[in-house]
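Single-structure report; data block below.
The values are calculated or read from the model by the stated rules, or taken from the named source; none is laboratory data. Computed from a prediction, not measured in an experiment: that's the story for all the values here. Cβ coordinates were reconstructed from backbone atoms using ideal geometry, including for glycine residues, and neighbour counts include every protein chain displayed.
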Amino acid sequence: MKARHKRFALLLTGVTVLGLAALLVINALGNNLSYFFSPTEVTENKVPENHVFRLGGLVEPGSLQRGQELTVRFSVTDNRNRIRVRYTGILPDLFQEGQGVIAQGRLGEDGVFVADEVLAKHDENYMPPEVAAALEKSPQDGVAGGTKP
Amino acid sequence: MIPEIGHMALILALSMALLQATLPVIGAHRGISSWIAVAKPAAQAQLLFMTIAFACLTYAFLVHDFSVQYVAANSNTALPTLYLISGVWGAHEGSLLLWALTLSIWTTAVTLFSRSVPAAMVARVIGVMGMISVGFILFMLFTSNPFERLPMPPMEGRDLNPLLQDPGLAIHPPMLYMGYVGFSVAFAFAIAAMLSSRLDAAWARWSRPWTNIAWVFLTLGIVLGSWWAYYELGWGGWWFWDPVENASFMPWLIGTALLHSLAVTEKRGAFKAWTVLLAIFAFSLSLLGTFLVRSGVLTSVHAFATDPGRGIFILIFLGVVIGGSLLLYSLRASEIRSTVRFNLLSRETGLLLNNVLLVVAAASILLGTLYPLILDALGVGKISVGPPYFNNVFIPLTLPLAVLVGFGAFARWRQDSAATLLRQLRLPLVASLFAGMAYAIWLTPYFTWGAALGMVLAFWVLLSTMSWVKAHMKPGELLNGASRGRWGMVVGHLGIAVFVVGITLTSIYSSEKDIRLERGQSYSMGDFTFTFEGASAFTGPNYDGYRGLVAVAEKGEALTTLHPEKRNYRSGMPMTEAGIDAGLTRDLFVALGEPLGQEGAWSLRIYHKPFVRWIWLGGLLMALGGLLAASDRRYFRLAKKARKTMEQGA
Amino acid sequence: MKKRFLIPFGLFAILVVFLGIGLTLDPREVPSPLIDKTAPTFELPTLHNPAATFTPQDMRGKVWLLNVWASWCTSCRAEHLVITDLANTGEVAIIGLNYKDQPRDAINWLDKLGNPYIASVSDRQGRAGLDWGVYGVPETFLIDKKGVIRYKHIGPVTREAVAEKILPLVRQLKGEAS
């Protein structure tokens, strides 16, 4: 085999691998991103329909209800709007009313967010930056009902 | 007083590092041998001062000196002694100190074990490592001094993050850092070779055992981290594609590529420019990992507190080290002439393909890790990239690697013929197809093509490696040291087979159930019946908690009892400790959720995980392979020969 | 020099730009939307006398600081000296918001370290903190005579922040009409 052919074959292999990888990446990125929205953005219908996304905010104090078996309901608030959430499973250790939370799932037709994953923050002084940003975005003069002292 | 001594020692270590980073490098450039001679004592003195600094911080933890802010924030008097010691590296400042200490350990190791390398080269290597030391010690002194005093010492410290109060975590960071930092040796050799314009195969030979050992540590560190996440986080997963995990996995992938490409450069003198680039990348990604973890630019379960000041410092440091070395590379790489010829069908090509796949896999992980940051920077929105992305990209890219393993070992250097290769590999090829399919059909709960593919690949790696051993290795050779390099390859590749079995069977056949159980109620999962016998309160050294009692029966016969715990640390953090019954072919895993109602009912998470241990076992075998390869006597002989030629040439 | 050997450097340069931008996106750097808004109201018991209550309306006509602290917060200790010195200048009244704390622990803490606050209110549930957008301890708010938040400091107050931001702003706000 001539050197020129060899170079070409090697180059071709390299380009094929890269092309394949690019294809995989584009495909996977298109399907597996989850966007982050605050309760206000959800209320304002900024969320694409029937799409998995992450909802972040604070667990509204007094909103946690346990139902049958392991189903729980609670509301996520950004102090302006609130979204009701339903989740079946074990809540993370750090899940607490009044604390930051991120729930991943879909918005049901009844307006209840059905979460298949709930993440809570890991440290008393730490809040996921997305949650902090969601709270920062919302003007705080209209505090969600029930939290006013 | 002791913390001040530590602080002083740190400053002295900095001055040694400065000395080490300047005089020897200039000396090597100008040929001043007295300046070159400074390298070794300076590096050893740096280690001495770093050790003193580290000992001082450890002492402050042991005597509960809460006037030191770091000690007050990360320990208290109720903390068991083991965690007082591991608490030293439990948070930001201390783990940096450990990083810097590790770097000076590696540097000193270079001074001790490179007598065969020309003095000017060693001086440059130590100089480059000194520059990195300077950066890290400055970073510590300016932004994260572990010896900072509190004006008003508290009576009691806060506590070490309960997640970190675990024997696994006590050794995980040191292992990981030994790996991360160990790549600085290969990096320093590559930079030194470029500085001296001697980009021949010699630097590859010298740095190969170092890279091997660093890679072994990194492998062990990652395995430990994965194992720790499995039983400590209470989620039952062994890998989460968390940014911090990715930060350690990317250098591992590049390091693996580097191991293989160093072999080509050493043995055949080919891929010289590429190998230098990989050495730069491996260490750069280690530094980038540090940046990602420490600056808080990414959200992660590891969640270290953010501090933009620190982030900016590390970013500048990254820019200087990585940017500088890549610029140097762009200047020097064009001088390299590769005159080595090899055929398209040869071991060189196989290893090239291995490298391309590993690097592309690492790049796709880097992209997935940084993608949220990039979109956020462009103002597109806040997103997160989930595990499915990584699985969908990473698995297809690494499957061909497993296929290559068999061919690569058999293929000869320079050229081989397809007919010979096929003849040698016909038997393992057919046997693995048959065995893999048979396993997936008869020995699994139900057939899936994924399981068939995974098992065929695992058998392929196993059988092709075994037939290579049969064809090329004599029994008893393991002990004489001369062929440990090849045995290392064999063991490492067998590790891949074991690892693939673990991943395939765990990810396809695991069962998981979240369930509410009252006292006395049971749940059956396959052959196993889990009976919840209640949870009772108990008190630990620095926490209160509940310990559950779960009786497990297999096919009606009592097997074991598991004790999952729910702990509430007095520092205010809750923790879940899983109850695990470990076995070679399956793990049973029970975690306590939360109490439900008055009747003593709890929510429980139950897992059955077949072959999950094989994942870590595979990792351990790979590490063992690396260790064997590093201990090959050939390096010492080659090094001796190299010195002789050098002396004759001089 | 062949250009293709510059490719890695080029890619790295792009990466650095994004990492740099990423740093500026740090959540701590995001300005609070509460700035220039009327401070959220609350009425909470004071720490030393639970029978008495405090509300921000009590401070109308004065320039004051609300310092969010807790006895479990280590960085509050570091900050405490700075706060104490600031209180000793007598230039500005400081109210403490004791956040999610046990009153007993909090009082012990003040007994040990000194009490720079003219009053501390006890926010055991963290509800007032929620309204004020507190997402970490310590945080400090500067409120003007009209009851509007004019400045928010996230994290421990440093001497530089006092000298360069807080005191100048306090002096300026004192000159404004109420």
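List of remarks:
- Cβ-Cβ under 7 Å pairs, at least 6 apart or on other chains, segment A:77-106 side within 13 Å of chain B (Cβ to nearest Cβ), far side aromatic (Phe, Trp, Tyr): A:103/A:87; A:103/A:113; A:105/A:113
- Residue, nearest to residue B:503 (Cα to Cα), within segment B:369-400, restricted to residues that are within 14 Å of chain C (Cβ to nearest Cβ) and assigned to a loop (DSSP other than H, G, I, E, B): B:382
- Annotation: residue B:416 fulfils all but one of (1) at pLDDT below 90; (2) in a helix (DSSP H, G or I); (3) surrounded by 19 or more Cβ atoms within 10 Å (Cβ to Cβ); the unmet one is (2).
- Some residue of segment B:550-559 being closer than 30 Å to residue C:70 by Cα and either within 14 Å of chain A (Cβ to nearest Cβ) or small (Gly, Ala, Ser) (or both): no
- The residues in segment C:68-94 that are crowded, with 21+ Cβ neighbours inside 10 Å and closer than 11 Å to residue C:119 by Cβ can be counted, and the count is 0.
- The single condition among (1) over 16 Å from residue B:504 (Cα atoms); (2) part of a helix (DSSP H, G or I); (3) free of Cβ contacts under 8 Å to residues at least 12 places away in the same chain; (4) hydrophobic (A, V, I, L, M, F, W, C) that residue B:358 does not satisfy is (3).
- Any chance residue B:501 is under 21 Å from residue B:612 (Cβ atoms) and without any contact (Cβ under 8 Å) to a residue 60 or more places away in the chain: no
- Scan of segment B:331-352 for residues that are farther than 22 Å from residue B:190 by Cα, in contact (Cβ under 8 Å) with a residue 24 or more places away in the chain and hydrophobic (A, V, I, L, M, F, W, C), ordered by number: B:342, B:345
- When residues of segment B:311-352 are limited to those that are within 14 Å of chain C (Cβ to nearest Cβ) and assigned to a loop (DSSP other than H, G, I, E, B), the one modelled with the lowest pLDDT: B:338
- Scanning segment C:14-33 for residues that are at pLDDT 70 or above and facing another protein chain (nearest Cβ under 7 Å) yields C:16, C:18, C:19, C:20, C:21, C:22, C:23.
- Filter result for residue B:78 (in contact (Cβ under 8 Å) with a residue 60 or more places away in the chain and in a helix (DSSP H, G or I)): no
- Test for residue B:95: is it buried (at least 20 other Cβ atoms within 10 Å of the Cβ), more than 14 Å from chain C (Cβ to nearest Cβ), in contact with a Lys or Arg (Cβ under 9 Å, 6 or more places away or on another chain) and in contact (Cβ under 8 Å) with a residue 24 or more places away in the chain: yes
- Residue match in segment B:289-303 (condition: modelled with pLDDT of 80 or more and farther than 30 Å from residue B:412 by Cβ): yes
- Residue pairs meeting the criteria (Cβ under 6 Å; at least 6 apart or on separate chains; first within 11 Å of another protein chain (Cβ to nearest Cβ) and buried (at least 22 other Cβ atoms within 10 Å of the Cβ), in segment B:575-598; second part of a strand (DSSP E or B) and at pLDDT below 85): B:591/B:576
- Yes/no for residue C:53 being more than 14 Å from chain B (Cβ to nearest Cβ), under 11 Å from residue C:95 (Cα atoms) and over 15 Å from the mean Cα position of the chain (by Cα): no
- Residue-level check: of (1) more than 9 Å from chain B (Cβ to nearest Cβ); (2) in contact (Cβ under 8 Å) with a residue 60 or more places away in the chain; (3) out of contact with any helix residue (DSSP H, G or I) (no Cβ under 9 Å at 6 or more places or on another chain), residue A:12 misses just (2).
- Candidates B:638, B:620, B:628 - the one that is at pLDDT 95 or above and aliphatic (A, V, I, L, M): B:620
- Selection from segment B:98-125 of residues that are free of Cβ contacts under 8 Å to residues at least 60 places away in the same chain and in contact with a Phe, Trp or Tyr (Cβ under 6 Å, 6 or more places away or on another chain): B:101
- Single residue of B:201, B:247 found to be over 30 Å from residue B:606 (Cβ atoms), crowded, with 24+ Cβ neighbours inside 10 Å and small (Gly, Ala, Ser): B:247
- Residue B:525 at pLDDT below 90 and touching a Lys or Arg at 6+ places or on another chain (Cβ under 7 Å): no
- The C-beta contact set for segment B:139-157 (first residue modelled with pLDDT of 80 or more, second residue loosely packed, with under 14 Cβ neighbours inside 10 Å and small (Gly, Ala, Ser), distance under 9 angstrom, 6+ apart or interchain) comprises B:142/B:309; B:143/B:309.
- Among the residues of segment A:48-83, just one is of a type in the set (D, E, K, R), outside any strand (DSSP E or B) and either in contact with an Asp or Glu (Cβ under 6 Å, 6 or more places away or on another chain) or under 28 Å from residue B:518 (Cα atoms) (or both), namely A:69.
- Residue B:568 meets each of the listed conditions (1) within 14 Å of chain A (Cβ to nearest Cβ); (2) in contact (Cβ under 8 Å) with a residue 40 or more places away in the chain apart from (2).
- Qualifying positions in segment C:95-128 - surrounded by fewer than 22 Cβ atoms within 10 Å (Cβ to Cβ), in a helix (DSSP H, G or I) and in contact with a Gly (Cβ under 9 Å, 6 or more places away or on another chain): C:110, C:127
- Taking the conditions (1) in a helix (DSSP H, G or I); (2) surrounded by fewer than 17 Cβ atoms within 10 Å (Cβ to Cβ); (3) within 14 Å of chain C (Cβ to nearest Cβ) in turn, residue B:403 satisfies each one other than (3).
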